[in-house]
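The values are calculated or read from the model by the stated rules, or taken from the named source; none is laboratory data. Keep in mind the model is a prediction, meaning the values are calculated, not measured. Cβ placement follows ideal geometry from the backbone for every residue including glycine, while neighbour counts extend to all protein chains displayed.
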């Protein structure tokens, strides 16, 4: 008889924060990614039943540190090159640059050797590698001890990541050591396994391990760009982004995310100011939504380098539904995962969202024939 796998938290609910891996002194935990969900699996032969993994897991013990935003803004960085490079208004990039200029260190997600991992930046040149949204689950394995070491050395550290990753940082770092820790969380729809991106790219004979740079959008235009070139006709939303924007491919835990709410767990929350009432030309350049929870957060944006304007809070929440509830899984999600293989991703998404995909196919024809720019 096969032994039932023992997991750190409820089956298929692992957030992938990797905190349990770091606290386990016997290497008894491994993260299993089955595309549909992550699971932190315990090796019963190595486990000594100390309970450290269960205690640190935020699914078992939620971080009780939510704060109602004290200030709501929409705005952008005055530096046009930073604003243009960013996914929205360039706020994250500008905050990061200011932080390293003041002697601090920034930690955020980057593509390195085919994997979405976390890295550190100590100067302006290194900060650039963090630019742009990553619509895939990133791996923070190993960063907690490094962050703790830097804080022990009295270094100022800015962490930019998803709400669940910020929560893991705050659970892993003792409160007594958080004086120099600054946190920014990103409004998150949900994140798919990186294996899903591998499957999508494989349809175009692209290997993520051979890619130097990848981006998922240019302002309000959503499309996967590999080393500066769109995988399909530029201006058309590819099937990966169609599936992402319609909540098909997130891992299971995302649909019950405890951080999809108005109250936040970071010093600052950043996202897109969708539905903005500001000038259309400014919207085209990119406008960020900025929520400030703490005095630390306020200090990060107290600069004449930003344009910050009032925002209608209820309108902002309407256009960023993750500020009130998690994403909802499509009814045909189970069927999608049951039928998915390495070659039929695009076909399945076309069948799941026929009207949306048909519109994109028509747009592709119009662009390729010169009837639409």
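The residues in segment 194-237 that are within 18 Å of the chain's Cα centre (by Cα) and part of a strand (DSSP E or B) can be counted, and the count is 10. In segment 61-80 there is no residue matching the filter, namely being in contact with a helix residue (DSSP H, G or I) (Cβ under 8 Å, 6 or more places away or on another chain), touching a residue at least 24 places away in the same chain (Cβ under 8 Å), assigned to a helix (DSSP H, G or I) and crowded, with 18+ Cβ neighbours inside 10 Å. Please determine whether any residue of segment 169-180 is surrounded by 22 or more Cβ atoms within 10 Å (Cβ to Cβ) and in contact with a helix residue (DSSP H, G or I) (Cβ under 6 Å, 6 or more places away or on another chain). No, segment 169-180 has no match at all. Against the conditions (1) within 21 Å of the chain's Cα centre (by Cα); (2) more than 22 Å from residue 180 (Cβ to Cβ); (3) modelled with pLDDT of 95 or more; (4) not assigned by TED's automatic domain parsing to the domain that holds residue 15, residue 81 satisfies every one except (1). Against the condition touching a strand residue (DSSP E or B) at 6+ places or on another chain (Cβ under 7 Å), in contact (Cβ under 8 Å) with a residue 40 or more places away in the chain and crowded, with 21+ Cβ neighbours inside 10 Å, how does residue 115 come out, does it pass? Spelling it out, it is not the case that residue 115 is touching a strand residue (DSSP E or B) at 6+ places or on another chain (Cβ under 7 Å), in contact (Cβ under 8 Å) with a residue 40 or more places away in the chain and crowded, with 21+ Cβ neighbours inside 10 Å.
For segment 204-218, a residue qualifies if it is touching a helix residue (DSSP H, G or I) at 6+ places or on another chain (Cβ under 8 Å) and surrounded by 17 or more Cβ atoms within 10 Å (Cβ to Cβ), and the qualifying residues are 208, 214, 216, 217. Within segment 171-178, the presence of a residue that is within 23 Å of residue 33 (Cβ to Cβ) and either in contact with a strand residue (DSSP E or B) (Cβ under 8 Å, 6 or more places away or on another chain) or outside any helix (DSSP H, G or I) (or both) is excluded.
In the list 184, 224, which residue meets the criterion of being closer than 24 Å to residue 91 by Cα and assigned by TED's automatic domain parsing to the domain that holds residue 342?
Unique residue meeting the criteria: 224.
Any residue at all in segment 23-36 that is at pLDDT 95 or above, exposed (fewer than 15 other Cβ atoms within 10 Å of the Cβ), over 24 Å from residue 120 (Cβ atoms) and touching a helix residue (DSSP H, G or I) at 6+ places or on another chain (Cβ under 7 Å)? For segment 23-36, residues at pLDDT 95 or above, exposed (fewer than 15 other Cβ atoms within 10 Å of the Cβ), over 24 Å from residue 120 (Cβ atoms) and touching a helix residue (DSSP H, G or I) at 6+ places or on another chain (Cβ under 7 Å): absent. When restricted to residues that are in contact (Cβ under 8 Å) with a residue 24 or more places away in the chain and farther than 18 Å from residue 56 by Cα, segment 132-150 contains 8.
Among the residues here, residue 153 qualifies as out of contact with any helix residue (DSSP H, G or I) (no Cβ under 8 Å at 6 or more places or on another chain), surrounded by fewer than 19 Cβ atoms within 10 Å (Cβ to Cβ), free of Cβ contacts under 8 Å to residues at least 12 places away in the same chain and farther than 17 Å from residue 66 by Cα.
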